[in-house]
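A.B. asks: Take this structure, written in structure tokens, and hold onto it; I'll ask about it next.
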Amino acid sequence: MRALRVRALSADADFMSRLKQGDFQLRMHSRFSRVVNLRCSQSGLLYSVVSSALDDAPNTLRIGLSEFDTLPLGEDAELSLSGGMLRLGKVLEIELDACGEWLPPPVVFRAFPPEYFLNISSRIQDEKFANNSISFFEYDGNDVFYQAMSQHLVRGSTRLMEGMRTAHEPQIRKGLTELLGLGIGLTPSGDDYIVGLCAVLALPQHPAHGYMRLIAEVIRDGKSRTNTISYMALIKAVEGKTRASIGALLATIFNGELSLLKERIKPVLNIGSSSGADILSGITAGLLLSNHLGSPHAA
């Protein structure tokens, strides 16, 4: 079978830099309709090749292919670079000559009057309902399993935020531990919430930024509580690196560009089935936390 040749559209700058060093061994970890995940033999970290339908993200290469379903990729397929051409197994060749370099957009935290973040929170909630994308943190249906899961999610997030508001480290640790790996799917709801929260708290001027080292420690210690794919999103989030759609939303919020807010919320809501809504719950929590703690960096 002749290999399919496509163009690389954009790639995480760190990902491409590692590939070009020539000592980067990536082998198949998992595959889905629009994503192929590869594990680095040296570090154990995951890197992804994704379809053009998805947005840029850390450790990610976007290519001009709509889906991977028809590609007969073997379980031992490797990603290799030779002569400016990437090869994924024996069935896919990826041209790099026109590949754009992606870096997370710069976002600067700005403190606003409390009413501003309350308004943002309300508008995010409105968009969730308008798009029928309800977070499991707000589940009000009749499924007993989901009800119980939602109660645990709310309990963990409440404990976590109260710990941050009162600077109570044991409570922060307990809340984070309760959330890690809690939920269903490839990225459980508890993890998605933490990703959204970290996306905000990772901004250096946020009044709770000082908790990031503790959050990173708890996540690394709790690695076994979740799966490899979700863990990668978590450790990147504590480094302040998230998907392009999340970065664009935060830039819009902190630049005060309310006219673009609805447009920026929608791509985040489209992440997974409920992941986007859960991420937005974490983002909202981070914004409202700054109201409680206050900040000397007022706009």
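A.B. asks: Given the conditions (1) in contact (Cβ under 8 Å) with a residue 12 or more places away in the chain; (2) farther than 24 Å from HIS206 by Cα; (3) among the aromatic types (Phe, Trp, Tyr), report the number of the one that PHE129 does not fulfil.
C.D. replies: (1)
A.B. asks: Right, next: Report, ordered by the first and then the second residue, all pairs with beta carbons closer than 9 Å, sequence separation of six or more or different chains, a first member in the stretch 156-178 that is under 20 Å from LEU234 (Cβ atoms), and a second member that is outside any helix (DSSP H, G or I).
C.D. replies: Partner pairs satisfying both residue conditions: GLY156/LEU180; GLY156/LEU182; MET164/ALA208; LEU176/GLY222; THR177/GLY222.
A.B. asks: Turning to a different aspect of this structure: Here are GLU169, GLU162: which of them is touching a Leu at 6+ places or on another chain (Cβ under 7 Å) and over 26 Å from ARG264 (Cα atoms)?
C.D. replies: The match here is GLU169.
A.B. asks: Confirm whether GLY156 is part of a helix (DSSP H, G or I), of a type outside the set (A, V, I, L, M), closer than 18 Å to ILE279 by Cβ and touching a helix residue (DSSP H, G or I) at 6+ places or on another chain (Cβ under 8 Å). Break it down into steps so the answer makes sense when it comes.
C.D. replies: Details: part of a helix (DSSP H, G or I): yes; of a type outside the set (A, V, I, L, M): yes; closer than 18 Å to ILE279 by Cβ: yes; touching a helix residue (DSSP H, G or I) at 6+ places or on another chain (Cβ under 8 Å): yes.
Yes: the conditions hold for GLY156.
A.B. asks: Given the residues GLU93, GLU67, GLU101, which is the only one that is over 18 Å from THR228 (Cα atoms), free of Cβ contacts under 8 Å to residues at least 40 places away in the same chain, among the acidic types (Asp, Glu) and out of contact with any Cys (no Cβ under 9 Å at 6 or more places or on another chain)? Reasoning before the result, please.
C.D. replies: On the way: GLU93 fails: free of Cβ contacts under 8 Å to residues at least 40 places away in the same chain; GLU101 fails: free of Cβ contacts under 8 Å to residues at least 40 places away in the same chain.
Only one candidate passes the filter, namely GLU67.
A.B. asks: Let me ask something additional. Do we have GLY175 as closer than 27 Å to PRO204 by Cα, in contact with a Pro (Cβ under 8 Å, 6 or more places away or on another chain) and in the same structural domain as ARG220 (by TED's automatic domain parsing) here?
C.D. replies: So GLY175 does not fit the description; no.
A.B. asks: Testing ASP191 on (1) farther than 24 Å from PHE32 by Cβ; (2) among the charged types (D, E, K, R); (3) modelled with pLDDT of 95 or more, one condition comes back false. Which one is that?
C.D. replies: Going through the list (1) farther than 24 Å from PHE32 by Cβ; (2) among the charged types (D, E, K, R); (3) modelled with pLDDT of 95 or more, ASP191 breaks only (1).
A.B. asks: At least 2 residues that are within 19 Å of the chain's Cα centre (by Cα), more than 24 Å from GLY240 (Cα to Cα) and modelled with pLDDT of 90 or more in each: list the strands (runs of 3 or more DSSP E) lying fully within the stretch 1-105 that qualify. Lay out the reasoning, then the answer.
C.D. replies: Working: elements: 4-12, 26-31, 35-40, 46-50, 60-63, 78-82, 85-88, 92-95, 100-102.
Qualifying strands (runs of 3 or more DSSP E): 26-31.
A.B. asks: Another question, then. Among the residues of the stretch 247-288, write down those that are charged (D, E, K, R), in contact (Cβ under 8 Å) with a residue 24 or more places away in the chain and surrounded by fewer than 22 Cβ atoms within 10 Å (Cβ to Cβ).
C.D. replies: LYS262, LYS266
A.B. asks: Might you let me know whether the stretch 140-151 holds any residue that is under 30 Å from SER17 (Cβ atoms), surrounded by 13 or more Cβ atoms within 10 Å (Cβ to Cβ) and not aromatic (Phe, Trp, Tyr)?
C.D. replies: No - not one qualifying residue is present in the stretch 140-151.
A.B. asks: Continuing with this model, one more query. Has the stretch 195-205 got any residue that is farther than 19 Å from VAL154 by Cβ, touching a Ser or Thr at 6+ places or on another chain (Cβ under 6 Å) and in the same structural domain as ILE120 (by TED's automatic domain parsing)?
C.D. replies: Among the residues of the stretch 195-205, at least one is farther than 19 Å from VAL154 by Cβ, touching a Ser or Thr at 6+ places or on another chain (Cβ under 6 Å) and in the same structural domain as ILE120 (by TED's automatic domain parsing), which makes the answer yes.
A.B. asks: Sticking with this structure for a sec: Quickly run through the stretch 197-232 and pick out the residues that are touching an Asp or Glu at 6+ places or on another chain (Cβ under 7 Å) and closer than 17 Å to SER281 by Cβ.
C.D. replies: Across the stretch 197-232, the qualifying residue is only SER230.
A.B. asks: May I pose another question? Would you pick out the residues in the stretch 99-126 that are surrounded by fewer than 14 Cβ atoms within 10 Å (Cβ to Cβ) and touching a strand residue (DSSP E or B) at 6+ places or on another chain (Cβ under 6 Å)?
C.D. replies: The answer is GLY100, and nothing else.
The values are calculated or read from the model by the stated rules, or taken from the named source; none is laboratory data. Small disclaimer: the values here were computed from a predicted structure and weren't measured. Glycine gets a Cβ as well: all are built from the backbone with ideal geometry, and neighbour counts include every protein chain shown.
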